[in-house]
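Written below as structure tokens is the structure these notes are about.
The values are calculated or read from the model by the stated rules, or taken from the named source; none is laboratory data. Keep in mind the model is a prediction, meaning the values are calculated, not measured. Reconstructed Cβ throughout: ideal geometry from the backbone, glycine too, with neighbour counts over all protein chains shown. Accessible surface is based on the protein model in full, side chains and every heavy atom, while ligands, DNA and RNA are left aside. Shrake-Rupley method; radii C 1.70, N 1.55, O 1.52, S 1.80 Å.
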Amino acid sequence: QVQLVESGGGLAQPGGSLRLSCTAFVSIASIYAMGWYRQAPAKQRELVARIITGGGSDYVDSVKGRFTISRDNAKNTVYLQMNSLKAEDTAVYYCSLRRSYFSANQWGQGTQVTVSS
């Protein structure tokens, strides 16, 4: 089990920005994929964005153009820059790591993002 430590959540106003960080306690250079999921109250966990080594990144439609996922292999860290936040972005955000195509996701502890005026 890989330890994933998330930070950067909090309270933002509609239209504001937050940046989430997820640091893995392993080298992520050869990890198949890392990503961010979120879970709002009474809803299922959904993929927000993921970045696949050598394969680019993809996003759920609701965040395209507003969120950007990036990685820094030297720091073993993945970021999620969230701009133009909306109330419906409110959720617990979880970092995920997947060692290979055939592996299951491993999860961070989650960080709360609340968008409210």
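Out of (1) within 24 Å of V115 (Cα to Cα); (2) touching a Ser or Thr at 6+ places or on another chain (Cβ under 9 Å), what's the single condition that is false for Y32?
(1)
Restricting the search to the range 40-63, which residues are in a strand (DSSP E or B) and open to solvent by 50 Å² or more (accessible area, probe 1.4 Å)? Full working, then the answer.
We begin by selecting, within the range 40-63, every residue in a strand (DSSP E or B); these are 46-52, 56-59.
Scanning the range 40-63 gives E46, L47, R50, S57, D58, Y59.
May I ask you to list the residues in the range 8-39 that are touching a residue at least 24 places away in the same chain (Cβ under 8 Å) and open to solvent by 60 Å² or more (accessible area, probe 1.4 Å)?
So the first thing to find is which residues in the range 8-39 are touching a residue at least 24 places away in the same chain (Cβ under 8 Å), and the list is 8-29, 31-39.
Scanning the range 8-39 gives L11, Q13, P14, S17, R19, F25, S27, Q39.
Which ones in the range 64-82 are loosely packed, with under 14 Cβ neighbours inside 10 Å and either without any contact (Cβ under 8 Å) to a residue 24 or more places away in the chain or closer than 24 Å to P14 by Cα (or both)? Steps first, answer last, please.
The first filter runs over the range 64-82 and keeps only residues loosely packed, with under 14 Cβ neighbours inside 10 Å, leaving 64-65, 70, 72-75.
Those that are loosely packed, with under 14 Cβ neighbours inside 10 Å and either without any contact (Cβ under 8 Å) to a residue 24 or more places away in the chain or closer than 24 Å to P14 by Cα (or both): K64, G65, S70, D72, A74.
S27 versus (1) under 20 Å from S7 (Cα atoms); (2) in a strand (DSSP E or B): which is the lone unmet condition?
(2)
How many residues are farther than 11 Å from M34 by Cα and of a type in the set (S, T, N, Q) if we restrict to the range 66-117?
13
Looking at the structure I just gave you, is L85 buried (at least 19 other Cβ atoms within 10 Å of the Cβ) and part of a loop (DSSP other than H, G, I, E, B)?
Taking the combined requirement at face value, the residue satisfies it.
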